[in-house]
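Worksheet for the structure shown next.
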Amino acid sequence: MKQEETFWDKRSRQYDAAVTKRDANYINIIDSTIALLSSKDVVLDFACASGEYSLDLAPCVQRVHGIDLSTRMIELANKKARERQIANVTFDSADVFDASLNRGAYSAIVAFNILHLVNDLPGVLARLHELLKTDGVLISLTPCLGEKSWLFRHMVGLAHKLGAVPSISNLTSSSLASLVAGNGFEITENRTWNKKHRAQWIVAHKLR
Ligand SMILES: C[S@@+](CC[C@H](N)C(=O)[O-])C[C@H]1O[C@@H](n2cnc3c(N)ncnc32)[C@H](O)[C@@H]1O
């Protein structure tokens, strides 16, 4: 079992309890995402965790496929889908490079709070590009640690060494935007979402 999977498995209940509170920030993310989607969209929720975003997006689109490394997160997501009787959503415990995911299968990909956690961001962006159909949209929200102070970054590094947080990239908003644009996307929205957490909202369309 991968180290990241164990980390998120252990935190699955705590994460789920927090996300199901649906705070103002959560509602804002859902509303902004729904505004970009239509009932025809087939959506991949990359790193769906316990499925809350997928389940809230599902009534507005054709279908949502949520994937996450953590088996425990996926168990919670499936349980909630059954309880809420939402039929147009499927969840799989899978990495984005999983061979079961088909090229060009999705018209939209949502990637919330995940791009700063992956080991090979250029490789992941190239894979997301491959999974989208032409003109498909990538909707992302990414904390940019590189925008925070040296002291804060140092404390996060220490917390990672103690096992309290996963490994987090030192992305800046401009380095992130360059990587997205450099991997075959045209950026149509790029703004600081949350000044406190330095999260960057980037919406980008597959070019070719
Ligand atoms: C910070 S949570 C974000 C979850 C959700 N998208 C959100 O915005 O609340 C990170 C999630 O990403 C998953 N994850 C981390 N690395 C992953 C990878 N390479 N592929 C798929 N899921 C991954 C973890 O299991 C965890 O559930």
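The values are calculated or read from the model by the stated rules, or taken from the named source; none is laboratory data. Since this is a predicted model, take the numbers as computed values, not measurements. Glycine gets a Cβ as well: all are built from the backbone with ideal geometry, and neighbour counts include every protein chain shown.
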Q: Tell me, please, whether a residue that is in contact (Cβ under 8 Å) with a residue 40 or more places away in the chain and surrounded by 14 or more Cβ atoms within 10 Å (Cβ to Cβ) can be found in the range 150-159.
A: no
Q) Can you name the helices (runs of 4 or more DSSP H) wholly within the range 93-208 that have at least 1 residues being modelled with pLDDT of 95 or more and over 25 Å from GLU4 (Cα atoms)? A) 173-181
Q: Show the residue pairs that are 6+ apart or on different chains and have beta-carbon atoms under 6 Å apart, the first residue being within the range 65-88 and touching a residue at least 60 places away in the same chain (Cβ under 8 Å), the second being buried (at least 21 other Cβ atoms within 10 Å of the Cβ) and among the hydroxyl-bearing types (Ser, Thr, Tyr).
A: MET73/SER50; LEU76/SER50
Q. Tally time: how many residues in the range 157-189 are within 29 Å of TYR15 (Cα to Cα) and charged (D, E, K, R)?
A. 2
Q. Among the listed residues LEU37, LEU76, LEU101, LEU57, which satisfies the condition of being more than 8 Å from the ligand (Cβ to nearest atom), among the hydrophobic types (A, V, I, L, M, F, W, C) and touching a Cys at 6+ places or on another chain (Cβ under 8 Å)?
A. LEU37
Q) Taking the range 72-116 on its own, how many of its residues are within 30 Å of GLU186 (Cα to Cα), surrounded by 15 or more Cβ atoms within 10 Å (Cβ to Cβ), out of contact with any strand residue (DSSP E or B) (no Cβ under 6 Å at 6 or more places or on another chain) and charged (D, E, K, R)? A) 1
Q: Name the single residue, out of those in the range 61-73 being hydrophobic (A, V, I, L, M, F, W, C) and in contact with a Leu (Cβ under 6 Å, 6 or more places away or on another chain), that is nearest to the ligand (Cβ to nearest atom).
A: VAL64
Q) Which condition number does GLN200 fail, the rest of (1) surrounded by 13 or more Cβ atoms within 10 Å (Cβ to Cβ); (2) of a type in the set (S, T, N, Q); (3) out of contact with any Lys or Arg (no Cβ under 9 Å at 6 or more places or on another chain) being met? A) (3)
